[in-house]
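To start, the structure under review is shown below, and the notes come after it.
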Amino acid sequence: MEILQQLQTYLFGDSQFLKFLGILMLADIATGILKAIKLRRLKSATAWHGYLRKIAVFVIIIVANVLDVMLGLRGAMATMTIMFYCSTEAWSIIENCSELGLRIPNEIIEKLSKYKED
């Protein structure tokens with residue numbers, strides 16, 4: 001188990017937000033599938049495209065962590081990158097839930113709209 005922890009730290013840094021990002025990604029996948037079922041647009045090709053994008057996020061985090069180490073930033077770049085993707089995942093979950101008919105508090109929408117990808 002220690003080897004896996006060392007590998008994770010080597011690749012992704014020591015950010016405590018990495019697990020949170022993983023949870024958000026799983027929630028986004030689940031709400032995305034529910035939305036696709038409701039809208040009758042469930043397609044495996046679309047789902048695979050989304051999964052590949054999530055894998056690419058982890059590749060970007062690895063690059064940010066390597067830059068962190070090279071520039072001696074003590075995890076700042078990797079943590080900022082992870083937090084950016086946490087916000088985009090949270091926004092996607094909220095959009096999915098909204099399309100499922102759930103009401104979303106305005107405060108949440110206002111805070112996350114600052115980070116919305118256009």
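Only one of the numbered conditions (1) in contact (Cβ under 8 Å) with a residue 24 or more places away in the chain; (2) more than 10 Å from the chain's Cα centre (by Cα); (3) surrounded by fewer than 16 Cβ atoms within 10 Å (Cβ to Cβ) is not met by ILE108, and that is (1). Taken as a whole, segment 15-26 holds at least one residue that is farther than 30 Å from GLY101 by Cα and either among the aliphatic types (A, V, I, L, M) or surrounded by 13 or more Cβ atoms within 10 Å (Cβ to Cβ) (or both).
Residues that are more than 11 Å from the chain's Cα centre (by Cα) and among the charged types (D, E, K, R) within segment 41-61 comprise ARG41, LYS43, listed in sequence order. When ALA64 is tested against the conditions (1) surrounded by 15 or more Cβ atoms within 10 Å (Cβ to Cβ); (2) out of contact with any helix residue (DSSP H, G or I) (no Cβ under 9 Å at 6 or more places or on another chain), the lone failure is (2). For segment 7-45, a residue qualifies if it is over 30 Å from GLY72 (Cα atoms), touching a residue at least 24 places away in the same chain (Cβ under 8 Å) and among the small types (Gly, Ala, Ser), and the qualifying residues are ALA27, GLY32.
A short reminder: the numbers here are calculations on the coordinates, not readings from a lab. The model shown is predicted, which means the values in this text are computed figures rather than measured ones. Virtual Cβ from ideal backbone geometry, glycine too; neighbours counted across all protein chains shown.
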